[in-house]
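The values are calculated or read from the model by the stated rules, or taken from the named source; none is laboratory data. Here the structure is a predicted model, which means the values were calculated and not measured. Reconstructed Cβ throughout: ideal geometry from the backbone, glycine too, with neighbour counts over all protein chains shown.
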Amino acid sequence: MRAVMAIARKELMSYFFAPMAYIVIAAFLLMNGFIFAVILAALSQPGAFSAQPMLLFFGGTTFFWIFMIVMTPVITMKLGAEERKTGTIETLMTAPVSDLEVVVGKYLGAMALYVAAWLPTVFYVWALTAYSKVDAGPVIAGYLGVLLVGMFFVAIGLFTSLVSKNQVVAAILCFAILLLLILISILTFLVTDPFWKPILQYVDLWSIMQGFAKGVVDSRSLVYCLSGTALFLALGYQAMQTRRWR
C-alpha cells in the first residue's frame with residue numbers, strides 16, 4: 001500500500017509541477033461556471049420550465065458530457081505514454097513494485113486531479129442556498145454519480161495511455177471510446193428492438209447520471225460503473241504485464 005501511495009503522490013505532483021493541472025482545473029471551472037450561469041439565467045426567464053439547476057448541471061446538458069470526454073483524455077494521456085516515450089517506464093518496471101501497484105498508483109493520482117477539478121463546484125451549491133432551499137439528497141447523489149462516472153472514464157484513459165507510445169494517440173483513443181459510450185445514449189432512443197433496448201438502457205450513461213441527479217442511487221448503475229472501472233484497470237494491468245514480458 002505504501003508503494004501505491006508513493007506512486008499516486010508522484011503522479012499527482014507531476015501534474016502540479018507542470019502547468020497541466022492549473023490549466024485543466026482553470027479551464028474546467030471557467031467552462032462549468034459559464035454553463036451553470038446559463039442554466040440559472042434560462043430557468044429564471046418568465047415562462048421557463050421548472051427544474052432544479054443541479055439536475056441540469058449533473059449530466060442534464062450536452063456540455064457536461066463534452067467536458068467529461070475532453071477533460072479525461074487530457075488528465076490521463078501522460079500516465080503511461082509519456083513514460084514509454086522517455087524510457088522511464090523501464091526504470092519503473094525494474095523497481096521493487098508490482099505491476100498492480102503501478103496501475104493502481106497511477107490511477108489514484110489521476111483520480112485525485114479529477115476530484116480536485118470538481119471540488120470547487122461545491123461553491124455552486126452554496127450559492128444556490130442563498131436564494132432557495134436546496135435538497136441535499138439529490139446533490140450528494142449527483143456528486144456520487146460524477147465520482148463513479150469519473151472513475152470509469154479515468155480507468156479507460158489509463159488503459160489507453162498504457163497501450164500507447166504517444167500521448168496524442170492515447171488521448172484520441174480515449175476520446176473515441178468515451179464518445180462511443182455517450183453515443184449509446186442516443187441509440188437508446190432510436191432502437192426499438194425488445195432484445196437490444198434493455199441492454200442499451202443498462203449502459204445509458206446519460207440516464208444513469210440523470211438518476212443520480214434526481215437522488216436515485218440505483219444498484220445497477222453502481223454495478224455498471226464499478227465493473228467498467230475494474231475491467232479497464234484489469235486491461236491496464238494486462239498491458240503492463242505484456243510490456244514486462246515482451
I'd like to check something: does the range 148-167 contain any residue that is buried (at least 18 other Cβ atoms within 10 Å of the Cβ), over 18 Å from the mean Cα position of the chain (by Cα) and of a type in the set (Val, Ile, Thr)? yes
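Can you confirm whether Leu187 is at negative phi, of a type outside the set (Val, Ile, Thr) and under 15 Å from the mean Cα position of the chain (by Cα)?
Working: at negative phi: yes; of a type outside the set (Val, Ile, Thr): yes; under 15 Å from the mean Cα position of the chain (by Cα): no.
Against the criterion (at negative phi, of a type outside the set (Val, Ile, Thr) and under 15 Å from the mean Cα position of the chain (by Cα)), Leu187 does not qualify.
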If you check Pro194 against the conditions, is it surrounded by fewer than 22 Cβ atoms within 10 Å (Cβ to Cβ) and under 27 Å from Phe36 (Cα atoms)? no
Considering the range 192-217 alone, what residues qualify as being more than 20 Å from Gln52 (Cα to Cα) and not hydrophobic (A, V, I, L, M, F, W, C)? Thr192, Asp193, Pro194, Lys197, Pro198, Gln201, Tyr202, Asp204
Which numbered condition in (1) aliphatic (A, V, I, L, M); (2) loosely packed, with under 14 Cβ neighbours inside 10 Å; (3) over 15 Å from the mean Cα position of the chain (by Cα) is the only one that Ala230 fails? (3)
Of these, Val154, Val163, Val115, which one is of a type in the set (Val, Ile, Thr) and free of Cβ contacts under 8 Å to residues at least 60 places away in the same chain? Val115
Within the range 51-63, how many residues turn out to be within 20 Å of Ala26 (Cβ to Cβ) and surrounded by fewer than 20 Cβ atoms within 10 Å (Cβ to Cβ)? 1
Show the residue pairs meeting these rules: Cβ distance below 7 Å; 6+ apart or different chains; first residue within the range 1-14 and on the phi < 0 side of the Ramachandran plot; second residue among the basic types (Lys, Arg). Ile7/Lys106; Glu11/Lys106
Please report, ordered by residue number, the helices (runs of 4 or more DSSP H) entirely within the range 10-103 with at least 2 residues that are of a type in the set (Lys, Arg) and at pLDDT below 85. 78-86
